[in-house]
1. Roughly how much of I553 is accessible, in Å² to the nearest 10, using a 1.4 Å probe?
2. Please give the net charge around E524, taking every other residue with its beta carbon less than 9 angstrom from that of E524, where Lys and Arg add +1 and Asp and Glu add -1.
3. What length, rounded to one decimal in nm, is gained on full extension from A87 through to D114, with 0.36 nm per residue of separation minus their alpha-carbon distance?
4. Can you give me the accessible area per residue for the range 87-243, using a 1.4 Å probe, in Å²?
5. With +1 on each Lys and Arg Cβ and -1 on each Asp and Glu Cβ, how big is the dipole of the range 534-619 about its Cα centre, in debye rounded to the nearest 20?
6. Leaving ligands and nucleic acids out of the surface, order D123, D114 by accessible area at 1.4 Å, largest first.
7. Can you pull the accessible area of Y515 for me, 1.4 Å probe, Å² to the nearest 10?
8. Mind scanning K144/K351; K222/K647; K144/K261 and naming the pairs with a C-alpha gap bigger than 32 Å?
Amino acid sequence: MPGQESIEPISGAAPVPPILSEISPPGDPIGAIVRHSQTWLAAVAPGQLTVEAANLAFCQAFGVPLEACAAVGQTALLTLPPQPLTALLPHLSPEALQHWYHRQVGCRALLTQDPTHRQARRDMDRSETIPIGDGGDALGQWGKFWLRGHALTVAVKPESATAALLAAPVVDLETYLGQFDLADCEVSGWLLLEGLDITTQERIRQLSDWLLDGCSILEPEKFCRISQALRHLFRAQVSFVLRTDGEQVQISLGTRLVPRKLTVIPREELEGSQFAAAIAAGHVWTVQTLTANSDNACERYFYRLGIRSLLLIPLQTPSGTGKGEDQSIGLVGMGGTAEEQFDRVDEGRAKALLPALRAALRRTAQSRFNNIHPAVEWRFTQEAERRSWGLPPQPIAFEEVYPLYGISDIRGSSLERDRAIQADLLAQLRLALAVVEAACGARDLPLARQLREDLSDRIEQYGLGITVSSELEGAQYLQEQVEIHLDYFASLGGAVAIAVDAYREACNNDRQGVYEARAAYDLELHRLTEQLRRTWERWQERMQAIVPHYCDIEITDGLDHMIYAGQSIAPDFSPFQLRSLRYEQLRAVCDCARTGLAFEASGTGSRLQLTHLVLVQEATVDIVHDENTERLFDVRGTRDTRYEIVKKRIDKACDALTGERITQPGMLTVVYSTPEEGAEYQQYLRYLEREGWIGNDRETGPVESLKGANGLRFVRVQVLPEESSTAHQEADRAADGQQLPQGTPVTDEGDRRRNQNSRREQAAARIAGLQD
C-alpha cells in the first residue's frame, strides 16, 4: 500500500523521470521525507505538458487513483499514466498554461547563454495561485503552484531567429520573451510542478474582502454568505453574531437549514456566562464543553440548539477616551456539535480574521442609520450627527402620519409548499428504501429488514399527509438511520452500490437531500414575487413624485406594503396629496393583480393565485424607530395598536354573512370602518372602473368580528386583465346605448354581459337585504 517503507514496482512501469531520481534516489533517506511531505510534487513532460510522475500527496490532492500508478523503488514516487495538466487543474486554461510554459523555456534558454541574468532567474521562480476543483470563492479550494524549468535542456536551432535573439545581450526580459519562438527550440528533460495547499489562507483572504465590502454584516444576504463561509472554515455547525444594544443582546444565528435567525435576550442573561468571560478577556476564547445544567440562560439556549463546544471571537475597538481603554462592540462565535471541537489551529484562523471582523462589526454599529428610506433619511442624519457629538440618544418619531396598507397574497401557498415537501420527502425515502432492499437482497441482515419496515411505514405515513415538523423530522431520520450506513451498504457492491450512488446523486446539492419539487416551487414563487416587486417599484416612483413618504415592502408569499405619509415627513403635505396617494395605491395594487393574472395565464404559474387587499384608515398614527428590533418603525401607543392588529389578521378574515374569505383570487378587496371612508373609496373605485382597471360589479358586506377590531366592512371588485379592459369599456358603452367612435370594432360580449347583469342583480338584492 502507498505509504509503506517498501513498495514493489509494478511490472512494465515506466522509468522514473531523471529529475525525481536526482531528488530522491533509491535507498536515500530523503525518500521518506518526500513520501510524507504535504507539498505537491509532479514531473511534467515538456511539449505535451502532461503529468507523468508525482508524489503521494499530489495523487491524493488531485484524485489520481493509486491503482493506476506504479511505485518506483523505495522513494514513494509514483509514475502515472500521462494526464494533461489542464485536466488536473481545470481552472488553468490551455492558453495560460502555454504562456507559462513559453516563459519557462524562454528563461531556461536565456540562462543557458547567460547564467547570471537576474530577471530570468526570478521569473522562473514566479508562482501562480489557482483554484482547485470547484474553487473560486471562500468555500472552494486553492493551491499555490510553481512550474519550474530548471531541469529542462533547451537546444536552439543555430540558424534560427531565436538563436540570433540570444546572441545579443538581453536587456528587457518582456521584449525578449515576446520575440522568443518555441518552434526554434528542441526541449528535453522535465518540468517540475510544485504546489502548496493554501485553501485556508485564500478563504481567510476572501472572507476578509467580503467583510470589508462596505455593507453591514447583518444585511441578510451578506450574513448568510459570510455565515456559510465561516462554518466551512471552522468546520462548525452554527455561526452567530452577538451584539449588545442598550439593555438587550441581539443574537443573529446561522445554520445550514436556517440561514438567519434573530433572537433578542436581556443583557443581564450574559452575566456570568462564557460569552461575558470572553468579552472581558478580550481574546479568542474556546469553550471545550457546554453542559445542559449551566446556570446561565444564554449557554442553555445554545445547548438546546445542539451545541456542545464554542469558539468565541470578542471584538473590541478603542473607546476614544484617550485612556487606552477598549470598548466591546460584540462577539462572533462558532458552535460545534461535538465536545472539544475547536483547537489551536482554529484559534489561529480566528486571530487572522480579527481585524476584518472588528472593522465589519464596527461599521455595522456605526451604520445602523444607513440604508434608510430617502423620505425619512433627513431625521436619521440629524440623530446620527447628535450622537457623533456624544449627546444622549433621542427617539426618532414621526407623529400624525396617515397609514396606507395593502397586500397581494398568494392563496394556498402553504398548501403548495407542503405538497412540494411531501413529494421530495417521499422521493428520498423511496431511494433510501431501494438501498435497504438491495442490501437485504445481498445479505441476510435482520437489522436492515427492520429498517426496511420503518421506511415503508414512513412512506405510508407521509403519503397520507405531512405536518409542520415533517421536513426537519424526515431529514433527521434519514441522516441518523440511513445515511450513516451508506458507506457500509456501498461496500456490499453490485445492486446495493448502484442504489447508494443513486441516493447520493439525488442528494448532491446544498440542501443535502432530494430537492426537486421544492426547487420547482421556489423558482415559481420567486418569479412571481420578483414580477410583483418590479411592478410595485415602478408605481412607487410615481407615488414618491406626488409627495415624499415612507414605504416599506415585505416579500414572502406575495408582497405587502406599508406607507406612512404626513407633514412630519414632508412639511408641504396636503389633503389633495393624501387622496392622490390613496388613488395611486389602488391603481398600483390593480397593476399587481394584473401581473398575477398574466403570470397565471402564462401557464408557468397556474398553481399560484393572488388575492389583493387594501386597508383604509382615516385616523393618523404615530410611528417611532425602535433600535432593538429589525423593523424600521413601530406604531406608538395604545391608540394605534388597533390598526396593527387589523393589519395582521385582515387578509384571513371572512364575510360575516356568508363565511367565505373576503379576499378572492383576481379580485381587489377594500376594507374600511366608517361611512366616510367607504364613500371616499367608492369614488376611487368609480374612477378605476372608468379607467378600465376593474369591472362594474360591487360585492359588499360586513367583516366578521376580529379580536381588537369590530364593525369593519368590505367592498370587493374584479380586476380586469389588461387585454380585456378596453373591450369591457366598449361593451359597457354599447349596453348603455352609447355610440361607439367611428371605426371602433364591436366585440361580442353578450354572454358575458348577461352573466354580469345577473351578478349585479344578486349584489343589489344582497345590499338591499343588508340595509333592511
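1. 50
2. Residues close to E524 contribute a combined charge of 0.
3. 6.2 nm
4. 47
5. Details: 8 positive and 11 negative charges, 60 e Å.
Around 280 debye, computed over the range 534-619.
6. On the way: D123 20, D114 55 Å².
Highest to lowest solvent-accessible surface, that is D114, D123.
7. Result for Y515: roughly 40 Å² accessible.
8. As for pairs spanning more than 32 Å Cα to Cα, those are K144/K261.
The values are calculated or read from the model by the stated rules, or taken from the named source; none is laboratory data. Predicted, not measured: the structure shown is a model, and the values here were computed from it. Glycine gets a Cβ as well: all are built from the backbone with ideal geometry, and neighbour counts include every protein chain shown. Protein only, heavy atoms only, side chains kept; ligands, DNA and RNA dropped before computing areas. Shrake-Rupley method; radii C 1.70, N 1.55, O 1.52, S 1.80 Å.
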